[in-house]
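> Have a look at this one before I ask anything.
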Amino acid sequence: MYIIAGLGNPGPEYENTRHNVGFHVIDCLAERTGASVTERKHKALCGKAVLGGERVLLLKPQTYMNSSGESLRDAADFYRVPPENIIVVSDDVDLPQGQLRVRLHGSAGGHNGLKSVIAHLGSDSFRRVRVGIGGKPEGWDLADWVLGKLKGHDADVMEEAYQSAADAVTAILTDGGEAAMNRFNRKAERPQSV
């Protein structure tokens with residue numbers, strides 16, 4: 001069994017914000033598998049599904065971003081899922097908007113949600129799919145940027161990224177982490193000048 005956790009913040013005031021990328025990707029996976037992510041358990045909204053031939057628990061922690069690890073630890077203990085069978089989806093301000101980065105382990109890279117997951121699991125060997133939201137514009141506070149609502153072109157770019165991230169999660173399950181990294185860790189192509 002695998003746990004796929006999308007990180008975000010609960011509540012209507014955080015809907016459609018850059019920080020809630022993980023929740024959106026879980027919604028994509030739920031739609032693809034016909035799962036309902038509505039059961040309240042493990043300090044999260046969760047639902048069971050089959051993805052890539054594997055049984056999975058889709059998880060949207062309701063503990064707020066900085067305490068995401070509490071929820072994941074509770075679910076991992078309950079189902080006896082090792083860190084290697086956990087996939088975490090989160091936003092990343094160090095990646096250009098819409099670009100993906102698949103990792104098999106590593107540091108939190110300054111992301112408080114990932115820091116919490118590492119601390120509560122006592123391991124950094126979980127899989128992760130990071131979705132670029134772009135760096136904060138000059139003069140912006142980081143919190144205002146990540147908690148800002150997505151609109152217009154930005155929202156369209158991110159909708160595509162959610163689908164790609166869902167593809168990346170599926171690829172980890174079906175083809176393995178290395179193959180998923182090779183497929184999805186490409187630099188964003190720069191527009192050609194004429």
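Values in this text are rule-based calculations from the coordinates and carry no lab data. All figures in this text were calculated on a predicted structure; none of them were measured in a lab. Reconstructed Cβ throughout: ideal geometry from the backbone, glycine too, with neighbour counts over all protein chains shown.
> So what is the relative contact order of the chain, in percent, for Cα pairs below 8 Å that sit 6 or more residues apart?
Relative contact order here is 25 percent.
> Now, a different point. At most 14 other Cβ atoms within 10 Å and a DSSP loop assignment: could you name the trypsin sites (Lys or Arg not before Pro) in region 104-194 that fit?
Counting only loop positions with at most 14 other Cβ atoms within 10 Å, the trypsin sites (Lys or Arg not before Pro) in region 104-194 are LYS151, ARG186, LYS187.
> Mind checking the dipole of the chain: about its Cα centre, +1 per Lys or Arg Cβ, -1 per Asp or Glu Cβ, Debye to the nearest 20?
380
> Add -39500 (n - 2.57) for each DSSP H run of 4 or more in the chain, then divide by its residues: what number comes out at 222 nm, to the nearest 500 deg cm²/dmol?
About -11500 deg cm²/dmol.
> Just to be sure I understand, if you calculate Cα extents along the principal axes in Å for this structure, which of (1) 54, 35, 32; (2) 44, 32, 30; (3) 55, 50, 28 do you get?
Correct label, based on the coordinates given: (1).
> Go through ASN16, ALA75, ALA35 and say which Cα lies farthest out towards the positive end of the charge dipole of the chain; charges sit on Cβ, +1 for Lys and Arg, -1 for Asp and Glu.
Towards the positive end, the residue furthest out is ALA75.
> Set the bar at 27 Å for Cα to Cα. Now go through LYS60/LYS136; LYS60/LYS151; LYS41/LYS136; LYS43/LYS151; LYS43/LYS115 and name every pair that lies beyond it.
Distance filter (> 27 Å) returns LYS41/LYS136; LYS43/LYS151.
> I'd like to verify something in the chain: which complete DSSP H helices, judged by Cα projection on the helix axis, reach 15 Å or more and average at least 0.0 on the Kyte-Doolittle scale?
Those that pass (Cα extent of 15 Å or more, hydropathy at least 0.0) are 21-33.
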